[in-house]
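Inspection log for the structure reproduced underneath, given as structure tokens.
The values are calculated or read from the model by the stated rules, or taken from the named source; none is laboratory data. Everything numeric here is computed off the predicted structure, so don't read it as measured data. Using ideal geometry, Cβ is built from the backbone for each residue, glycine included, and neighbour counts are taken over all protein chains shown. Heads up: the accessible areas ignore ligands, DNA and RNA and are worked out on the full protein's heavy atoms, side chains in. Shrake-Rupley method; radii C 1.70, N 1.55, O 1.52, S 1.80 Å.
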Amino acid sequence: MIKSIKGILIYSAIVLIASAVYFVYAYTVYPTPPERETFLSEIGEGFGEVGLWALLFIYARTLLKLVMGKGPLAKRLLPDYSAPIAASLFQQLLRFLDRTHVYVGIATVAIILLHIAMMGIPMQILFFPAVLALVIWQGVFGLFLTWRYTPKELKKLSYLVHAQFLTGIMIGIFAYFGHLLIDN
Ligand code: HEM
């Protein structure tokens, strides 16, 4: 477990450093776009906020699974782990989150795509096409996971690339630095 946490931390640090380097480059090359306060962009801003909360909600489920010893991480973190008495409440919550994930996931992808479309985001700043690609990536592999006729091998691959933190870490870091570049 220490090893996997170490792995995640090293991975995050590499993404963070690479993003910071690119941030400095983009900051010197691209001028901050003027703030546009159109009707669409005002609504688009709202979608951005909702999208952020939706992502936090999705990854809270992953954290909850780890805390409850559902993931290999927590099992190795707490060898004598036994479910706490209040677990049934958490189990109910987790079951609810599991059942709703597909809908929350589809809504999240839709909301983030709407946000991007309405804000007219500068695609020459590579953080933005990257976030766009990653969100579509999550959506497409999520659909493969859910679709009944997905071949077994593709389903396995989809689980591997969809059900993990690494994409989330990239989405978070890229979106943060991207917004730093265009915020007036
Ligand atoms: C930005 C959007 C999405 C994100 C960030 C996301 C993230 C995740 C993560 C982290 C997991 C691992 C389970 C966990 O431990 O939490 C997961 C599982 C899963 N996701 Fe998504 N997801 C998204 C969209 C979707 C969509 C659109 C679908 C289906 C249409 C979908 C279907 C699934 C399925 C079937 C599983 C595996 C079963 C399960 O753990 O319940 N996801 N997703």
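Quote the FRET efficiency, to the nearest 0.05, computed for residue 104 versus residue 136 with a Förster distance R0 of 22 Å and r equal to the Cβ-Cβ distance.
Numbers: r = 17 Å, r/R0 = 0.76.
E between residue 104 and residue 136, to the nearest 0.05, is 0.85.
Determine the calculated [θ] at 222 nm for the chain from helices alone, applying -39500 (n - 2.57) to every DSSP H run no shorter than 4 residues and normalising by the residue count; nearest 500 deg cm²/dmol.
Details: 7 runs with 145 residues, N = 184.
Only helices count here, giving -27500 deg cm²/dmol.
Where does helix 2-29 land angle-wise versus the long Cα axis of the chain, in degrees 0 to 90, nearest 10? Once rounded, one gets 10 degrees.
Largest GNM mean-square fluctuation across 40, 145, 55, computed for the chain with C-alpha springs under 10 Å, falls on 40. The spacing between segment 106-184 and segment 1-68, judged by their C-alpha centroids, is 11 Å. Protection proxy ranking, highest mean first, for peptides 124-133, 57-66: 124-133, 57-66, where packing is the per-residue count of other beta-carbon atoms within 10 Å, averaged. The gain in end-to-end length when the residue 8 to residue 183 segment is fully stretched comes to 60.1 nm, 0.36 nm per residue minus the alpha carbon separation.
Simple spin-label estimate for residue 95 and residue 123 gives 4.5 nm between the two label positions (7 Å along the Cα-to-Cβ direction from each Cα). Carbon-plus-sulfur accessible fraction, the chain (probe radius 1.4 Å, protein heavy atoms only): 73%.
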